[in-house]
1. Here are some residues: 14, 77. Which one is crowded, with 16+ Cβ neighbours inside 10 Å, farther than 30 Å from residue 123 by Cβ and at pLDDT below 95?
2. Might you let me know whether segment 58-72 holds any residue that is surrounded by 13 or more Cβ atoms within 10 Å (Cβ to Cβ) and either in contact with a strand residue (DSSP E or B) (Cβ under 8 Å, 6 or more places away or on another chain) or closer than 19 Å to residue 5 by Cα (or both)?
3. Give just the number: which of (1) within 24 Å of residue 119 (Cβ to Cβ); (2) surrounded by 15 or more Cβ atoms within 10 Å (Cβ to Cβ) does residue 96 not satisfy?
4. State all residues of segment 40-63 that are touching a residue at least 24 places away in the same chain (Cβ under 8 Å) and either within 20 Å of residue 22 (Cβ to Cβ) or assigned to a loop (DSSP other than H, G, I, E, B) (or both); if no residue qualifies, say none.
5. One residue is enough: does segment 21-39 have a residue meeting the conditions loosely packed, with under 12 Cβ neighbours inside 10 Å, outside any helix (DSSP H, G or I) and over 16 Å from the mean Cα position of the chain (by Cα)?
6. Among the candidates 90, 101, single out the residue that is crowded, with 16+ Cβ neighbours inside 10 Å and free of Cβ contacts under 8 Å to residues at least 40 places away in the same chain.
7. Take residue 84 and decide whether it is under 30 Å from residue 48 (Cα atoms), under 16 Å from the mean Cα position of the chain (by Cα) and in a helix (DSSP H, G or I).
8. Looking for whichever is in contact with a strand residue (DSSP E or B) (Cβ under 7 Å, 6 or more places away or on another chain) and over 22 Å from residue 115 (Cα atoms) here; the options are 53, 36, 14. Which one fits?
């Protein structure tokens, strides 16, 4: 069984159709793949992931998220960031630094072109 299939088995609420996991945007698939890679490296168990993801979703709902399914991978990404910080893989400051660099790279990239992260994006 491949990593994605194991994740679908462990996380029954993943958005899916008859073909498998469903992503609305490329970044959602990338966040999913990062979580799979970290799990495969033993950074966390799927039960740890599910508990933290459920906590993120509860927090978002308490803050007014309508829970229509459209924000699922935003919660997934927040969980990913929190998990790597909690597990010591990256600090919150490092995550913030890279988020700012990606924002800078996106701002200078023409629409429709691939975003490339460069050293100057870390300003």
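1. Values: 77 fails: farther than 30 Å from residue 123 by Cβ.
Only one candidate qualifies: 14.
2. yes
3. If we test residue 96 against (1) within 24 Å of residue 119 (Cβ to Cβ); (2) surrounded by 15 or more Cβ atoms within 10 Å (Cβ to Cβ), just (2) comes out false.
4. Across segment 40-63, the qualifying residues are 43, 44, 46, 49, 50, 53, 56.
5. To start, the set of residues in segment 21-39 that are loosely packed, with under 12 Cβ neighbours inside 10 Å comprises 25-26, 37.
Keeping just the survivors that are outside any helix (DSSP H, G or I) gives 25.
Okay, now just the ones that are also over 16 Å from the mean Cα position of the chain (by Cα), so none.
No, segment 21-39 contains no residue that is loosely packed, with under 12 Cβ neighbours inside 10 Å, outside any helix (DSSP H, G or I) and over 16 Å from the mean Cα position of the chain (by Cα).
6. Numbers: 90 fails: crowded, with 16+ Cβ neighbours inside 10 Å.
Of 90, 101, the one residue that is crowded, with 16+ Cβ neighbours inside 10 Å and free of Cβ contacts under 8 Å to residues at least 40 places away in the same chain is 101.
7. Details: under 30 Å from residue 48 (Cα atoms): yes; under 16 Å from the mean Cα position of the chain (by Cα): yes; in a helix (DSSP H, G or I): yes.
Yes.
8. Values: 53 fails: in contact with a strand residue (DSSP E or B) (Cβ under 7 Å, 6 or more places away or on another chain); 36 fails: in contact with a strand residue (DSSP E or B) (Cβ under 7 Å, 6 or more places away or on another chain).
On inspection, the qualifying residue turns out to be 14.
The values are calculated or read from the model by the stated rules, or taken from the named source; none is laboratory data. Being a predicted model, the structure only gives us computed values, none of them experimental. Neighbour counts run over all protein chains shown; Cβ positions are idealised from the backbone, glycine included.
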